[in-house]
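What follows is one structure encoded as structure tokens, with my remarks underneath.
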Amino acid sequence: MKKILFKTEALKDTVMSYCPGCGHGVIHRLVAETIDELGIREKTIGIAPVGCAVFAYDYWNFDVTEAAHGRPPAVATGIKRVLPDRVVFTYQGDGDLIAIGTAETIHAANRGENITVIFVNNCVYGMTGGQMAPTTLIGQKTTTTPFGRDEKIAGYPIRVCELLSSLGGVTYLERVAVTDAKNIIKAKRAIKKAFQVQLDKKGFSLVEVLSSCPTDWGLNPQEAIEYIEKNMIPYFPLGVVKDKS
Amino acid sequence: MQEEVIIAGFGGQGIMFMGTVLAHAAMQENKSVTFFPSYGAEMRGGTANCMIIMSDEDIGSPVVARPDGIIALNQPSADKFTRRIKEKGLLIVNSSLVTGESGRDDIKKVEVQATKIAEGLGDKRVANMVALGSYIKEVKILKLETLCKSLETLLGEKKKNLVDINIKALKDGYKL
Amino acid sequence: MSRITIDKEKCKGCGLCVLACPKNLIVMSDEFNKKGYHPASFSSGEDCTGCGFCFQVCPDVVIEVFK
Amino acid sequence: MAKRVLMKGNIAIGEGAIKANCKAYFGYPITPQNDLTAHMSKRMVELDRVFIQSESEIAAINMVFGAALTGARAMTSSSSPGISLKQEGISYMAGCELPGVILNVQRGGPGLGNISGAQGDYFQATRGGGHGDYRTLVLAPDSVQEMYDLVQEAFDLADKYRNPVVILIDGVLGQMMEPVDLEHDVKKYKLPPKDWILDGCKTREPRSIQSLYMKEGALEEHNWKLHEKYKKMKQDIKCETQHVDDAEIVLVAFGISARVCKSAMQLARKEGIKVGLIRPITLFPFPEEEILKATEHVKKFLVVEMNLGQMVEDVKLIINSKADVHFYGRPGGGLSSQEEIVNEISRIL
């Protein structure tokens, strides 16, 4: 018998600090496998966000920097412009990417920065304890929408891929979900494509990954997966939103 | 009189609630009281603890370095805090989950089968109240009656259905 | 003939692998691990096809698959 | 005895603000102040007041700017990194003379730091924090009751001086629970009419709110006016002293450090060491006179902070070599124990 599936070199053998059933671990693995398969581990620089994935530098076995909350696309721009032959990607949550970091996200995309963004959308601020995110669904209860998100007070959940799709600098946008093995394999394909777009010097690529937060949703891991399928996917439809590669 | 206690266990064992009940009861008996919780980046897993000081005088620092007592609901908590207990202090362990030696012969150790007793009552989540009852019996700082009333107040209308089993657990712990 | 291994001390007991296994070969253990979780446990190797679904869904990457 | 309620520091700030008729609260998630944002998201909506979780800390402070210029009482809260982001808005509020309350539940820094309680933002708070020549009134409570009381005074002081008021606490005070008397008497201030607000010029001449003064000498004149205002704030200095009269050494500390110092003082006095305490409650303006008065008979001072020495500079400026000023502090969220402080006292004496 041969070992066919295991942690690859780009993922350290460390216990990740995520809650049981959290989607981050799977997404970290998909990014790591992609980097190993493309053979770019030694020329990749990752940017960790402020949010649950803040400790990503402890989990990935390549160069990773911290950035202030919401600023990863600006930091990525700085790195990529100085080192255009390196692979630069950001890994950001919904609060980081489209609340406090909205300006940085939109302008990096619009400039067509040749970077890759892995956008983890779980409709909630995880690390700070379950507050409303820009992507929180209408009616969804969080610690700062105790009566459910009311669009009259808090507006509507933002569809990031659709929002960015009109920008000239954007090359590739796809929305995936880490719900079951089939969708996870699809998510991997999208992430690999996004990195390939960068390697081909074709401009800005972003993969939005719908992911679960059992703890802050108050569900068990299985129910949380069902929540993505029943509530998130209908609002955030899966598939390629833009591809001009 | 000043009594300092650290309550610790897994997240989800109701550690903060135990501390809140104790602090609330101390307030009801007109004591000065502080409650200081651990608060971490990780939402679940790992250990949680809270520090409670009850006193007849004003309390300075709410942070407890050398407690008079520890209530440890799991093994990692017992391992972490036992060595900090003052000489002649008190260690209450949930012996359903804590099995190791304390390594201290200068303290009083009380073993309570908290989880097992709670399971017997029909809900292992009330293991915390069993341990708290046992603590109150040992330190005699507050009346059992006051704690029962605090439980009722804190559980409120929304969780009224849980009052009886919590009080039962508290009393069972006290009776041991 | 295939099998999997589960690193029980690193498992957080989320149970997603149990649901993912098409042959129902994974169960949750009654024992606690050192972190206080009930880890997943591979019950039998007989029917394992090495499909890797458990590996795909495991958020903690504690499963290895052999084929 | 009055009916007491067991309450977290962060929540007491929120309830105090509500009692002070705060009409609008704007916040953004950051640990360890989150309980307050969550609490306000419920309470303000129930009371039909304004709550918004803003898209960033920068937006939150500018929402306060907007609400305040209409005459409404408004506040925002954050923890250290978020407060850094608010500095631009706070500078604009100071320049435009807008009242508002800003809570900083300090955590360890620099950068993202950690989420432990810390006192590393003393310089930032007391020196203005943002660009330009300005100051904010800074209040530093040390108990949950005082948080509840002082936030009410903070709104009055903000209106009295038309100036932002910063409340500086830390993660420990924000997270701890203590009994609070909700009917506790709080000082009320005589407030000037808000004859400067913008609410539409239907019944009066149009007004403007601005901090831009391009005409030659105009900004200098404006800043002299602000300076006079900062000097006047001295009439509202607050300070707690304990056992200074017979002290051979006086501890100077604020916020959570003062709580530890109170324990240290009790411990030292049991051992026969005569220790006193001066606790500045307003950090700007700083209680100069209380400290100067103590130097008449006390020749040793020990400043205790959860940083590498910030307030100690103010103490040294005031004491100006009239007594020995020592410092004991720990950075990065390290909290001294009472034993450590007593050891330090013994070392000095």
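Considering the range D:15-38 alone, what residues qualify as being over 13 Å from residue D:101 (Cα atoms) and either facing chain A (nearest Cβ under 9 Å) or aliphatic (A, V, I, L, M) (or both)?
If the condition is that a residue be over 13 Å from residue D:101 (Cα atoms) and either facing chain A (nearest Cβ under 9 Å) or aliphatic (A, V, I, L, M) (or both), then D:28, D:29, D:30, D:31, D:34, D:35, D:36, D:37, D:38 are the ones that fit.
Quick check on this structure: which one of B:115, B:153, B:146, B:99 is more than 24 Å from residue B:29 (Cβ to Cβ) and part of a helix (DSSP H, G or I)?
B:115
When you go through (1) part of a helix (DSSP H, G or I); (2) more than 22 Å from residue D:114 (Cα to Cα); (3) within 13 Å of chain C (Cβ to nearest Cβ); (4) touching a helix residue (DSSP H, G or I) at 6+ places or on another chain (Cβ under 8 Å) one by one for residue A:7, which number turns out not to apply?
Single failed check for residue A:7: (1).
Considering only residues that are in contact with a Lys or Arg (Cβ under 8 Å, 6 or more places away or on another chain) and among the β-branched types (Val, Ile, Thr), look in the range D:315-349 and name the one that is surrounded by the fewest Cβ atoms within 10 Å (Cβ to Cβ).
Only one residue tops the list, namely D:348.
Name the single residue that is farthest from residue D:170 (Cα to Cα) among those in the range D:11-25 being surrounded by 24 or more Cβ atoms within 10 Å (Cβ to Cβ) and touching a Lys or Arg at 6+ places or on another chain (Cβ under 7 Å).
Only one residue tops the list, namely D:22.
Collect the residues in the range D:32-67 that are among the aliphatic types (A, V, I, L, M) and within 19 Å of the chain's Cα centre (by Cα), keeping them in residue-number order.
Just the residues of the range D:32-67 that are among the aliphatic types (A, V, I, L, M), to begin with: D:36, D:38, D:40, D:44-45, D:47, D:50, D:52, D:58-61, D:63-64, D:67.
Listed by number, the residues that qualify are D:36, D:60, D:61, D:64.
Within the range B:148-176, can you find the residues that are closer than 12 Å to residue B:17 by Cα and in contact (Cβ under 8 Å) with a residue 40 or more places away in the chain?
If the condition is that a residue be closer than 12 Å to residue B:17 by Cα and in contact (Cβ under 8 Å) with a residue 40 or more places away in the chain, then B:150, B:151, B:154, B:166 are the ones that fit.
Report those strands (runs of 3 or more DSSP E) wholly inside the range C:3-60 carrying at least 1 residues which are among the small types (Gly, Ala, Ser) and more than 9 Å from every other protein chain (Cβ to nearest Cβ). Explain how you work it out, then say what you get.
Numbers: elements: C:3-6, C:26-28, C:40-42.
Output list reads C:40-42.
Specify the residue that is farthest from the chain's Cα centre (by Cα); the eligible residues are those in the range D:141-198 that are within 14 Å of another protein chain (Cβ to nearest Cβ) and among the β-branched types (Val, Ile, Thr).
Of all residues in the range D:141-198, those within 14 Å of another protein chain (Cβ to nearest Cβ) come to D:141-147, D:169-182.
Narrowing the set further to residues that are among the β-branched types (Val, Ile, Thr) leaves D:144, D:169, D:172, D:180.
Details: D:144: 14, D:169: 7, D:172: 15, D:180: 19 Å.
Filtering the range D:141-198 for residues that are within 14 Å of another protein chain (Cβ to nearest Cβ) and among the β-branched types (Val, Ile, Thr), the one farthest from the chain's Cα centre (by Cα) comes out as D:180.
Step by step: first the residues of the range A:85-127, then only those that are in contact with a strand residue (DSSP E or B) (Cβ under 6 Å, 6 or more places away or on another chain) and in a loop (DSSP other than H, G, I, E, B), then the one that is surrounded by the most Cβ atoms within 10 Å (Cβ to Cβ). Which residue is that?
Ranking the candidates gives A:115 first.
Consider residue A:241 against the criteria (1) in a strand (DSSP E or B); (2) within 24 Å of residue A:44 (Cα to Cα); (3) of a type outside the set (Asp, Glu): it satisfies all of them except one. Which criterion is unmet?
Going through the list (1) in a strand (DSSP E or B); (2) within 24 Å of residue A:44 (Cα to Cα); (3) of a type outside the set (Asp, Glu), residue A:241 breaks only (2).
Checking residue A:36 against (1) closer than 24 Å to residue A:197 by Cα; (2) surrounded by 24 or more Cβ atoms within 10 Å (Cβ to Cβ); (3) within 14 Å of chain C (Cβ to nearest Cβ), only one condition comes out false. Which one?
All conditions pass for residue A:36, except number (2).
Would you check which residues across the range D:156-172 are part of a helix (DSSP H, G or I) and under 19 Å from residue D:18 (Cβ atoms) and list them?
Passing the criteria: D:156, D:157, D:158, D:159.
Conditions tested, residue by residue: (1) assigned by TED's automatic domain parsing to the domain that holds residue D:147; (2) in contact with a Phe, Trp or Tyr (Cβ under 9 Å, 6 or more places away or on another chain); (3) not in a helix (DSSP H, G or I).
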site	(1), (2), (3)
D:257	no, no, no
D:260	no, no, no
D:263	no, no, no
D:266	no, no, no
D:283	no, yes, yes
D:286	no, no, yes
D:289	no, no, no
D:302	no, yes, yes
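Output the residues belonging to the range A:138-178 that are in a loop (DSSP other than H, G, I, E, B), surrounded by 22 or more Cβ atoms within 10 Å (Cβ to Cβ) and away from chain D (no Cβ under 11 Å).
Across the range A:138-178, the qualifying residues are A:157, A:178.
State whether one or more residues within the range D:110-119 are away from chain A (no Cβ under 14 Å), touching a Ser or Thr at 6+ places or on another chain (Cβ under 6 Å) and within 24 Å of residue D:239 (Cα to Cα).
No: zero hits.
Is it fair to say residue C:43 is touching a residue at least 12 places away in the same chain (Cβ under 8 Å), in contact with a Leu (Cβ under 6 Å, 6 or more places away or on another chain) and over 23 Å from residue A:211 (Cβ atoms)?
yes
Sort through D:90, D:83 and tell me the only one that's part of a helix (DSSP H, G or I), buried (at least 24 other Cβ atoms within 10 Å of the Cβ), within 14 Å of chain A (Cβ to nearest Cβ) and under 17 Å from the mean Cα position of the chain (by Cα).
Only one candidate qualifies: D:83.
What's the number of the condition residue B:79 fails, among (1) at the interface with chain D (Cβ under 9 Å from one of its Cβ atoms); (2) under 27 Å from residue B:124 (Cβ atoms); (3) outside any loop (DSSP other than H, G, I, E, B)?
(1)
Could you check the range D:38-80 and list, in sequence order, the residues that are in a helix (DSSP H, G or I), over 20 Å from residue D:125 (Cβ atoms) and polar (S, T, N, Q)?
Selection gives D:41 alone.
The values are calculated or read from the model by the stated rules, or taken from the named source; none is laboratory data. Note that the structure is predicted; figures quoted are calculated from it, not measured. Cβ coordinates were reconstructed from backbone atoms using ideal geometry, including for glycine residues, and neighbour counts include every protein chain displayed.
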